[in-house]
Amino acid sequence: MTEVFNGIIIGGAGGAVAGIAVYGIQYLHNKINTCIDTNKIETWLRENTKDEGGARFRSTRAIASWNNLPEDRVRYICSHSTKIYLSTGGKEDMWGTIQRENDFPDEFISG
């Protein structure tokens, strides 16, 4: 009878370790993919937006199309990146990497 309980305990502990390992691997996989996709989008936006005399912002659809990513993934990455800014203009769903100091009123900057 003791051997049965020992087997149950060993099996439970092994299952718990395996579950934690799977969770850790999935977490790392998601983090690495997010870093790769973020770098890809930031680089593309820097190369395809201009401060003066050109397109300062690009649409989610254009970013997704050129980087071969789903639009929802682009929205997620752009909204979480500290280097990508959402346009506050008339057109929705536009992103850029160029920020000017006068883009935000003083009450947002000073806190």
Review point. In the stretch 65-88, what residues are in a loop (DSSP other than H, G, I, E, B), under 15 Å from the mean Cα position of the chain (by Cα) and modelled with pLDDT under 95?
Key: 81, 82, 83, 84
**Study point:** Residue that is outside any loop (DSSP other than H, G, I, E, B), surrounded by 12 or more Cβ atoms within 10 Å (Cβ to Cβ), touching a Ser or Thr at 6+ places or on another chain (Cβ under 6 Å) and free of Cβ contacts under 8 Å to residues at least 60 places away in the same chain, where the choices are 38, 34
**Key:** 38
Study note, to complete from the structure: Considering the stretch 90-111, residues that are in a loop (DSSP other than H, G, I, E, B) and modelled with pLDDT of 80 or more, and then whichever is farthest from residue 37 (Cα to Cα), we arrive at 90
Point to revise | Unique residue being over 12 Å from the mean Cα position of the chain (by Cα), hydrophobic (A, V, I, L, M, F, W, C), assigned to a helix (DSSP H, G or I) and surrounded by fewer than 16 Cβ atoms within 10 Å (Cβ to Cβ) when the list is 55, 62, 18 | key: 18
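The values are calculated or read from the model by the stated rules, or taken from the named source; none is laboratory data. If you're wondering where the values come from, they're calculated on a predicted model, not measured in any experiment. Positions of Cβ are backbone-derived with ideal geometry, glycine not excepted, and every protein chain shown enters the neighbour counts.
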